[in-house]
Amino acid sequence: MSVELPLWRAMGYFRVLALGYAVLRFFTAYREFLHPVSGWIYLGALTLWTLASTRAFAGPKRCTWPVLGTDLLFAVFGIVMSGFIDTPARVHAGAPTLPTIWAAGTVLGFAGKGGWRPAAFAGAVIGAANILGHGGISPDNLHNIVLLLVAGCAIGYVIELARASEAVLTRALQVEAATRERERLSRDIHDGVLQVLALVHRQQGDAAELGRLAGEQERALRALMTGAQLPERADGEADLRPLISRHADERITVAAPATPVVLPAPVAAELSAAVAAALDNVRVHAGDGARAWILVEDEPEAVTVSVRDDGPGFPPERLAQAQRDGRLGVAQSIRGRMLDLGGSAELYSVPGQGVEVELRWPRRGGDD
């Protein structure tokens, strides 16, 4: 919902309440007017117009300039008419006009539609009608005109700021969404290519498996270049254990609970992909002879997957340097993936003592 719609709703309520106040004021004093019947006719027309334009004052799109122009005509006509149907003594004594504070709703409408400048214009026109048609230049008239201009311009300025802020926020959300989508596509392509290259490098697996993986990456790359949508992950729930266990081989040991670790299917798939990215880093940086251990812990508040290796480790500044160099493994394939899930990824390493990657996904309602 737009941030200014509550203001428009308040304007609609104000116009109806102001109409009721105008009718009540005239009812209590109509016997003192020279031509009370004309006043009742005007108020009847004003009532019909207010009710008919209630939907138009629900928002800036429906409240068109012709509607606001008609509203302004009703306000000006009622003010000028008050000077003719009321007694001169009452007019000079500062008696209210027929529309009374209903005219302020017109200024607010101009403010909501176009900002403080249209509000200042409408306020000036209504002020001129008060001076020329009802009472001339008097302290009461000047006081009311100043209040009308200040209120209209202030609300118009606030609405302009709200619209500008909303536009900036919308643009920022669009940029963030586009960035997150690019990162997701980069992770998918990056991880898939690494998988194929790792298989070729190790010279393991048959030609059919290699061809299948290469075909998947070709389709993914073509979808990325043409703007087509990549296949969405399945919904529902999945057991994390078989997804993690498929990474096991003669140098990778997996330890998981005996009972199913049931997670939303997209979460389980992303956790498995993050583990695969961590194992790819082990192969690249620790060497083919390095061993790795994967531990899956299923707790009531969170699921934690740890990947530890016996490689040479790395100094603390290496991760920051890798991100500056544009290498995506840790920044996007691991940490970015977990952040998108609402989880976290922590890396611990001491030179000469290997690396441990801890992936943690809090269950809904659990503690982070």
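Table for the structure above
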| quantity | calculated |
| --- | --- |
| FRET efficiency, Glu176 to Ala45 (Cβ-Cβ, R0 45 Å, nearest 0.05) | 0.30 |
| Apportionment of accessible area to carbon and sulfur, the stretch 118-174, percent (1.4 Å) | 76 |
| Largest-first ordering by accessible area, 1.4 Å probe, given options Cys153, Cys63 | Cys153, Cys63 |
| Accessible area of the stretch 238-362 divided out per residue, in Å², using a probe of 1.4 angstrom | 45 |
| Contact order normalised by residue count of the stretch 238-362, Cα under 8 Å, 6+ apart, percent | 25 |
| Shape of the stretch 125-182, Cα gyration tensor, a/c cut at 1.5 | prolate |
| Accessible area of Arg335 in the full protein assembly, 1.4 Å probe (Å², nearest 10) | 80 |
| Largest to smallest accessible area among Val168, Val350 [probe 1.4 Å] | Val168, Val350 |
| Three-way shape label, the stretch 238-362, alpha-carbon gyration tensor, a/c 1.5 | oblate |
| Whether the stretch 32-136 is rounded, prolate or oblate, judged on the alpha carbon gyration tensor where a/c under 1.5 counts as rounded | oblate |
| Accessible area (Å², per residue) of the stretch 3-167, counting only protein heavy atoms and a probe of 1.4 Å | 50 |
| Relative contact order (percent, whole number), the stretch 64-171, Cα cutoff 8 Å, 6+ residue spacing | 31 |
| Order of exposure, largest accessible area first, which applies to Ser245, Ser333 with probe 1.4 Å | Ser245, Ser333 |
| Per-residue SASA entry for Thr28, accessible area with 1.4 Å probe, Å² rounded to 10 | 90 |
| Surface accessible to a 1.4 Å probe, Tyr30 within the full protein complex, Å² | 60 |
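The values are calculated or read from the model by the stated rules, or taken from the named source; none is laboratory data. This one's a predicted model, so the numbers in the text were calculated from it and none came from an experiment. Using ideal geometry, Cβ is built from the backbone for each residue, glycine included, and neighbour counts are taken over all protein chains shown. Remember, those area values only see protein heavy atoms, side chains included, never the ligands or the DNA or RNA. Shrake-Rupley method; radii C 1.70, N 1.55, O 1.52, S 1.80 Å.
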